[in-house]
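Student: Take a look at this one; I'll ask things after.
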Amino acid sequence: MLVSSPQMGNVHFFLQDLFERLGVDYLFPPPNSRRTVALGTRFAPEFACFPFKVTLGNFIEALEAGADTLVMVGGIGPCRFGYYAETQRRILQGLGYQFEMIIIEPPLAHPLLFYRALRRLCPSLPLFKIYREIRASFFKAQSFDFLEKRALEVRPVEMVKGETDKVLAQVFEELSRAKTEEEIVEARKKGFAKLEAIRTKGKPCLKVGLIGEFYLLLEPFANFGLERFLNQKGVFVERAVYVTDWIGPSSTNPVQGISNEEIARAAHPYLSHFVGGEGRATIGHIVTMTQKGFDGLIHLTPFTCMPELVAKSIFPKIQSDLDIPILSLIIDEHTEKTGFLTRIEAFLDLLAWRKNRKITPRSTFINWLSNKREKKLATYGIKRR
Amino acid sequence: MDVYLGVDVGSVSTNLVLLDDEGEVITYEYLRTQGQPIRAVQEGLKRIYSRLSSNLVVKGCGSTGSARFLTAAVIGADVVKNEIISHALAALKFEPQVRTIFEIGGQDSKVTFLKDQVVVDFAMNTICAAGTGSFLDHQAARLGLPIESFSELALKAKKGVQIAGRCTVFAESDMIHRQQTGYPLEEIVYGLCQALVRNYLNNLLKGKPVNPPVVFQGGVAANKGMRRAFEEALGFPVVVPPYFNVMGAIGVALLTRTYIQKTGKDTNFKGFEIVDFAYATESFYCDGCSNNCEIAEIRQGKKILARWGSRCGKWEMGNLEESQVFSFL
């Protein structure tokens, strides 16, 4: 059995480590390229979203490279993502590939399906051992995320351009070699020390938050390396989602540092229920990031993404309340780098211009709003946790 | 006399502007790019040069538009800035209190919102070009009319006929249908303007309020029918500034002027001699990895001026970054 998976940000580090621990052969998915997109677009339904097309392309390239088992995550909720794995399985079967597709459903929502998927991957290992290995591997994956987050803080102010990237690659290399928990902790500590040692100067000129659909935020190929581009212009970037927060079972989002409940609470005045995907989280992040003093936000959404469209339709209301600039960009296979980056550059100019004239988002409005809401909840006898 | 040069090379037109020390327009040139940006810039410079008196000294030059990096490599620009900011700067000069800028160019359309003379929001067409100048250009060609005559025809119409503006192709089938059922030409022409305006307001504004004063600029502003359609749709007058078709070039020239005056730097301008230089562009595929990036290269004789297009950055050469001139805004 040779297992492969789609490519998304750092997720392959996690999977490679996990499968190695479980004794399963893992094929590193061939890196995303124009060919991946071309293949995916050719065989995917036209109105499927961009992530569907790229991951389908990943699968085809992995099968070409010799993989016979594909791992894809499932999902629940109104977003179409939940049945992507199934659709992709059928498309690939229609193309005549021989393979097995293992769909990993969220363990809390579908414990039985999750268990079956695990059993298919490693039929002989005792369950507690699988659990232990997943935990250790997840801990390692989290370390990748923490280090990446730290790099996002250092890169905008690095003295020598490109130093952070070099150090980060080195740190990742060392971390991926660590096996036991002690080794991971050790490698992580060392990694942080190395990032700390990068010489910096000054302060970031702007603070920008990246919000929107998770795949576009996590996969640098899909967003044209937006984070790095912004960092190199001296802009501090905070990303609304990290790989382990997204796949992890807990709702506390340890890497991001803000729990799903908090996000939902922040979104509540504008959107009071789950709309699938990251729709509500996008709204919540706008509110919390404004509160944290961000200058502006960049919203990425795939063409035909329903949850993000729902969120987007609320933007005018939020913007009139909070006066926070939001640049909303739609990405699909037709998006061209130049046009994309031109809009980003103009947006940065806009933010800098505002900052020069001391026009800041109305973060006090949120306090007023949440106070009002607190009072309303108090009348029902509900207290904030 | 000290002058500042602004060059805006867009998809359809190439505009050059000379500003004096005070930021007033001395002369300008508007010509079609016709897919040859370098040739257009050279031609424009030649025409401007032939009109100049000899005591002018170019103190600085800037480039904007979709070919801004290419142009910067050719003329040696001091400031490279995107067209959104350039257009806003120019509009502010002619209408200091402006709150909304409608800009419709050859292949893009944008709306910019300002407050207290600062850009606070903008939107640009992303996945559809139905609301742009090329649309009108196409339909004019279909009707067998020169685009310049659209203006008068549209003004003559009592009302416009209903034409779907969401998609260029469907608009065309609607238009053919109207022609075949015998509607007068001017009503069809004005109907096209209305369809374009409707598409623009729906697609770009997305329910955001439009506050007057509204400035309407870009090449399409030459079309008085468009202005009339906008005014009817919005219910208040729309200002078309005097140099509406070269506003991008004015904006970047203004920015260059501020930049040079505040920093006291010398210009990188390569002089009007460049009109006689031969430039060659070439592109090739890099086979370093599976991305197979297409690399474009511009050369002057044997010297490589700039090169771009690679994802990893290994081929990039020359000035490919926008100028960090935030503090001069």
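The values are calculated or read from the model by the stated rules, or taken from the named source; none is laboratory data. Computed from a predicted model, the values in this text were never measured in an experiment. Cβ sites come from the backbone with ideal geometry, for glycine too, and all protein chains shown count toward neighbours. Just the protein is used for accessible areas: all its heavy atoms, side chains included, with ligands, DNA and RNA removed. Shrake-Rupley method; radii C 1.70, N 1.55, O 1.52, S 1.80 Å.
Student: Yes or no: A:PRO220 farther than 21 Å from A:ALA352 by Cβ and either open to solvent by less than 10 Å² (accessible area, probe 1.4 Å) or within 14 Å of chain B (Cβ to nearest Cβ) (or both)?
Tutor: Criteria met by A:PRO220.
Student: When residues of region A:142-167 are filtered for being open to solvent by 10 Å² or more (accessible area, probe 1.4 Å) and either assigned to a helix (DSSP H, G or I) or touching a His at 6+ places or on another chain (Cβ under 8 Å) (or both), how many remain?
Tutor: Counting residues in region A:142-167 that are open to solvent by 10 Å² or more (accessible area, probe 1.4 Å) and either assigned to a helix (DSSP H, G or I) or touching a His at 6+ places or on another chain (Cβ under 8 Å) (or both) gives 13.
Student: Something else about it: Are any residues in region A:322-331 open to solvent by 20 Å² or more (accessible area, probe 1.4 Å) and not in a strand (DSSP E or B), and if so, which ones?
Tutor: A:ASP323
Student: So for region B:224-233 (the condition being open to solvent by 10 Å² or more (accessible area, probe 1.4 Å) and under 19 Å from the mean Cα position of the chain (by Cα)), does at least one residue qualify?
Tutor: Within region B:224-233 (the criterion being open to solvent by 10 Å² or more (accessible area, probe 1.4 Å) and under 19 Å from the mean Cα position of the chain (by Cα)), the answer is yes, since at least one residue qualifies.
Student: Search region A:236-255 for residues that are touching a residue at least 24 places away in the same chain (Cβ under 8 Å) and pair each with any residue that is of a type in the set (S, T, N, Q) and in a loop (DSSP other than H, G, I, E, B) when their beta-carbon atoms are under 6 Å apart and the residues are at least 6 apart or on different chains.
Tutor: What qualifies is A:TYR242/A:GLN256; A:VAL243/A:ASN10; A:ASP245/A:ASN253; A:ASP245/A:GLN256.
Student: Looking at region A:259-271 only, could you name the residues that are farther than 29 Å from A:PHE340 by Cα and open to solvent by less than 40 Å² (accessible area, probe 1.4 Å)?
Tutor: Correct list: A:SER259, A:ALA264, A:ALA266.
Student: Report, by residue number, each residue of region A:281-309 that is more than 23 Å from A:VAL54 (Cα to Cα), modelled with pLDDT of 90 or more and not in a loop (DSSP other than H, G, I, E, B).
Tutor: A:ALA281, A:ILE283, A:GLY284, A:HIS285, A:ILE286, A:VAL287, A:THR288, A:MET289, A:THR290, A:GLY296, A:LEU297
Student: Can you confirm whether A:VAL255 is within 24 Å of A:ALA136 (Cα to Cα) and either surrounded by 22 or more Cβ atoms within 10 Å (Cβ to Cβ) or modelled with pLDDT of 85 or more (or both)?
Tutor: When the stated conditions are applied, A:VAL255 passes them.
Student: Still on this model: Go through (1) open to solvent by 70 Å² or more (accessible area, probe 1.4 Å); (2) assigned to a helix (DSSP H, G or I); (3) farther than 20 Å from A:PHE14 by Cβ one by one and return the number of the condition A:GLU182 breaks.
Tutor: In the conditions (1) open to solvent by 70 Å² or more (accessible area, probe 1.4 Å); (2) assigned to a helix (DSSP H, G or I); (3) farther than 20 Å from A:PHE14 by Cβ, A:GLU182 misses (3) alone.
Student: Just to be sure, is A:TYR242 buried (at least 17 other Cβ atoms within 10 Å of the Cβ), among the aromatic types (Phe, Trp, Tyr) and under 28 Å from A:PHE138 (Cβ atoms)?
Tutor: It is true that A:TYR242 is buried (at least 17 other Cβ atoms within 10 Å of the Cβ), among the aromatic types (Phe, Trp, Tyr) and under 28 Å from A:PHE138 (Cβ atoms).
Student: Just to be sure I understand, how many residues within region B:220-241 are β-branched (Val, Ile, Thr) and within 22 Å of B:GLU187 (Cβ to Cβ)?
Tutor: So the count comes out to 2.
Student: Name every residue in region A:41-71 that is under 17 Å from A:LEU218 (Cβ atoms) and either within 14 Å of chain B (Cβ to nearest Cβ) or of a type in the set (Asp, Glu) (or both), in order of residue number.
Tutor: A:CYS49, A:PHE50, A:VAL54, A:GLY57, A:ASN58
Student: With the condition kept exactly as written, say whether any residue in region B:42-60 is under 22 Å from B:THR132 (Cβ atoms) and of a type in the set (Val, Ile, Thr).
Tutor: no
Student: Just to be sure before I move on: is B:PHE216 on the phi < 0 side of the Ramachandran plot, in contact (Cβ under 8 Å) with a residue 24 or more places away in the chain, in contact with a strand residue (DSSP E or B) (Cβ under 9 Å, 6 or more places away or on another chain) and in a strand (DSSP E or B) in the structure I sent?
Tutor: For B:PHE216, the condition - on the phi < 0 side of the Ramachandran plot, in contact (Cβ under 8 Å) with a residue 24 or more places away in the chain, in contact with a strand residue (DSSP E or B) (Cβ under 9 Å, 6 or more places away or on another chain) and in a strand (DSSP E or B) - is met.
Student: Among helices (runs of 4 or more DSSP H) lying entirely in region A:195-252, which contain 2 or more residues that are acidic (Asp, Glu)?
Tutor: In region A:195-252, there are no helices (runs of 4 or more DSSP H) which contain 2 or more residues that are acidic (Asp, Glu).
Student: Given the conditions (1) assigned to a loop (DSSP other than H, G, I, E, B); (2) of a type in the set (Val, Ile, Thr); (3) surrounded by fewer than 20 Cβ atoms within 10 Å (Cβ to Cβ), and given that B:ILE176 satisfies all but one, which numbered condition is not satisfied?
Tutor: (1)
Student: Find the strands (runs of 3 or more DSSP E) located wholly in region B:1-108 whose residues include 2 or more that are open to solvent by less than 10 Å² (accessible area, probe 1.4 Å) and touching a Gly at 6+ places or on another chain (Cβ under 9 Å), and list them.
Tutor: Counting at least 2 such residues, we get B:2-9, B:13-19, B:57-64, B:100-104.
Per-residue answers, yes or no, for (1) open to solvent by less than 40 Å² (accessible area, probe 1.4 Å); (2) assigned to a loop (DSSP other than H, G, I, E, B); (3) in the same structural domain as A:PRO307 (by TED's automatic domain parsing):
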position: A:GLN7; (1), (2), (3): yes, yes, no
position: A:GLY66; (1), (2), (3): no, yes, no
position: A:VAL71; (1), (2), (3): yes, no, no
position: A:PRO78; (1), (2), (3): no, yes, no
position: A:GLY82; (1), (2), (3): yes, no, no
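Student: Separate question: Please work out if A:GLY94 is surrounded by fewer than 19 Cβ atoms within 10 Å (Cβ to Cβ), at positive phi, modelled with pLDDT of 90 or more and not assigned by TED's automatic domain parsing to the domain that holds A:LYS179.
Tutor: no
Student: Another question, then. Would you check if A:LEU351 is crowded, with 21+ Cβ neighbours inside 10 Å, touching a residue at least 60 places away in the same chain (Cβ under 8 Å) and over 19 Å from the mean Cα position of the chain (by Cα)?
Tutor: So A:LEU351 fits the description; yes.
Student: Under 8 Å by Cβ, and 6 or more places apart or on different chains, what pairs join a residue from region B:71-88 that is closer than 17 Å to B:VAL12 by Cβ and more than 9 Å from chain A (Cβ to nearest Cβ) with one that is in a loop (DSSP other than H, G, I, E, B) and modelled with pLDDT under 90?
Tutor: Every condition considered, the pairs that remain are B:THR71/B:GLY65; B:THR71/B:ALA77; B:HIS87/B:GLY218.
Student: Restricting attention to strands (runs of 3 or more DSSP E) lying wholly within region B:246-329, give those where 1 or more residues are within 14 Å of chain A (Cβ to nearest Cβ) and at pLDDT 85 or above.
Tutor: Of the strands (runs of 3 or more DSSP E) lying wholly inside region B:246-329, those with at least 1 residues that are within 14 Å of chain A (Cβ to nearest Cβ) and at pLDDT 85 or above span B:279-285.
Student: Which residue out of B:SER134, B:SER149 is outside any loop (DSSP other than H, G, I, E, B), free of Cβ contacts under 8 Å to residues at least 60 places away in the same chain and among the polar types (S, T, N, Q)?
Tutor: Going through B:SER134, B:SER149 in turn, the sole match is B:SER149.
Student: Count, please, the residues in region A:1-32 that happen to be over 19 Å from the mean Cα position of the chain (by Cα) and over 22 Å from A:GLU133 (Cα atoms).
Tutor: 1
Student: Please go through region A:305-318 and pick out each residue that is crowded, with 19+ Cβ neighbours inside 10 Å and either at the interface with chain B (Cβ under 8 Å from one of its Cβ atoms) or out of contact with any His (no Cβ under 9 Å at 6 or more places or on another chain) (or both).
Tutor: A:CYS305, A:PRO307, A:ILE318
Student: Within region A:223-239, can you find the residues that are away from chain B (no Cβ under 14 Å) and touching a Gly at 6+ places or on another chain (Cβ under 9 Å)?
Tutor: A:VAL237, A:GLU238, A:ARG239
Student: Specify the residue that is nearest to A:LYS355 (Cα to Cα); the eligible residues are those in region A:272-291 that are open to solvent by 40 Å² or more (accessible area, probe 1.4 Å) and without any contact (Cβ under 8 Å) to a residue 40 or more places away in the chain.
Tutor: A:ARG280
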